[in-house]
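Down below is the structure, laid out as structure tokens.
The values are calculated or read from the model by the stated rules, or taken from the named source; none is laboratory data. Since the model is a prediction, treat every value here as computed from it, not as a measurement. All Cβ positions, glycine included, derive from the backbone under ideal geometry; neighbour counts span all protein chains shown.
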Amino acid sequence: MQAVPALSCLTVKDELVIAFADKSRPVEYVPNKEADIKKWLTKIEIGSLVAMGSAGSYHELLMDCCHSHGLTPYLINQQDRRNYAKSLGARGKTDSADDDALAHIKSGALQKITY
């Protein structure tokens, strides 16, 4: 059985920062605009696991676009993500560390949880 691709998205006002759990692709930056998100989603395999942290309301557009593309997005509580990252030995707060923690969470520990 082939593993389902897992990716994490850090959502901020102007862009999405995307990391793949298996690091098969480099970190991607996508403008946080509907047309850009939909274009990017055409490159993502249906059935992929998409995790994102809640950042105000900036994640809502990505969630809507994922649903319309046939993906199930997972919203991860920021405090849970931070605590999980610390348990993995992460020291410091960077976008890359956030993405790595989210991708790791999605690829394993919280894969079966839906909100």
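What the table shows:
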quantity: Residues within segment 18-68 that are in a loop (DSSP other than H, G, I, E, B) and touching a residue at least 60 places away in the same chain (Cβ under 8 Å), tallied; calculated: 3
quantity: Selection count, segment 47-74, where residues are modelled with pLDDT of 85 or more and surrounded by fewer than 15 Cβ atoms within 10 Å (Cβ to Cβ); calculated: 5
quantity: Condition broken by Gly92, with the remaining ones in (1) surrounded by fewer than 17 Cβ atoms within 10 Å (Cβ to Cβ); (2) modelled with pLDDT of 70 or more; (3) more than 21 Å from Val4 (Cα to Cα) satisfied; calculated: (2)
quantity: Among the residues listed as Ile37, Ile46, the single one being touching a strand residue (DSSP E or B) at 6+ places or on another chain (Cβ under 8 Å) and among the β-branched types (Val, Ile, Thr); calculated: Ile37
quantity: Complete set of residues in segment 7-31 that are more than 8 Å from the chain's Cα centre (by Cα), surrounded by 11 or more Cβ atoms within 10 Å (Cβ to Cβ) and small (Gly, Ala, Ser); calculated: Ala21
